[in-house]
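Right, one structure below, let's go through it.
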Amino acid sequence: QNSAGESGGGIAANESTIIITNSAIANNVAGVDGGGIANYYGVLTITSSTLMGNTASSQSPEGDGGGIQTSAGIVHLTNSTLSGNSALEEGGGIDNDFGTVTLTNSTLTNNTAAEGGGVSNEFASSGSSVFTSALILQRSLISGNVASTGAEVFNETGSTVTANHFNLFGHKDL
């Protein structure tokens, strides 16, 4: 149980490779993004672990990624659970800003946010530059999350969601 005034209540990583196995990251608070983990431009691999009860608490301009916030990073989540995480803005479970998130045999449930209770998958453009996000789901469960828009997954136009191998979703809003 930790607290950060900015990002990464539990773990803050910038241009790093992080491997987490058989662990619990719980009850952390970030004043801005990434209540459990903030991953910037790095590779985050989580296996057989749980992220629960983490909070991204800022209302302006951020407050994204209650469990995980990744920006231009890569996240691999395998045999893991994100539950009971919250973000005041985007991505109660995971906020994916212009990266690639792969969920394999994993569960996202009971997470809350204004947009994307389970996952928020972002898109942006600036001049000729386009920034997209990719969410890849394999045998995973995303159900019971809460948001005003996109309870399970909020996918901005231009970003992609690929669902392979028998995934289950709790709402029709993917």
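The values are calculated or read from the model by the stated rules, or taken from the named source; none is laboratory data. Just so it is clear, the structure is predicted and the values come from calculations on it, not from any experiment. Note that we place each Cβ from the backbone using ideal geometry, even for glycine, and neighbour counts take in every protein chain shown. Keep in mind that these areas ignore ligands, DNA and RNA; they rest on the heavy atoms of the full protein, side chains included. Shrake-Rupley method; radii C 1.70, N 1.55, O 1.52, S 1.80 Å.
Go ahead and collect, in residue order, the members of segment 78-95 whose backbone nitrogen is under 14 Å from a label point 7 Å along the Cα-Cβ direction of Ser48. Output list for this probe position: 78-81. Binning all Cα-Cα separations of segment 130-169 at 5 Å, short to long from zero, yields these whole-percent fractions: 7, 21, 26, 25, 17, 4, 1. The 1.4 Å probe gives accessible areas that order Leu44, Leu168, largest first, as Leu168, Leu44. Rounded to the nearest 20 debye, the dipole magnitude of the chain is 560 debye, with +1 charges on Lys and Arg beta carbons, -1 on Asp and Glu beta carbons, and the Cα centre as origin. The Cα-based radius of gyration and maximum Cα-Cα distance (Dmax) for the chain are 13.9, 43 Å.
The distance between label points at Arg139 and Asn164 comes to 1.3 nm (points 7 Å beyond Cα on the Cα→Cβ vector).
Say we join alpha carbon atoms closer than 10 Å with springs in a Gaussian network model of the chain; which of Gly127, Gly73, Gly63 then has the biggest fluctuation? For the chain, modelled as a Gaussian network with Cα springs under 10 Å, the answer is Gly127. DSSP finds beta bridges in the chain, and of those with both partners inside it, around 5 percent are antiparallel.
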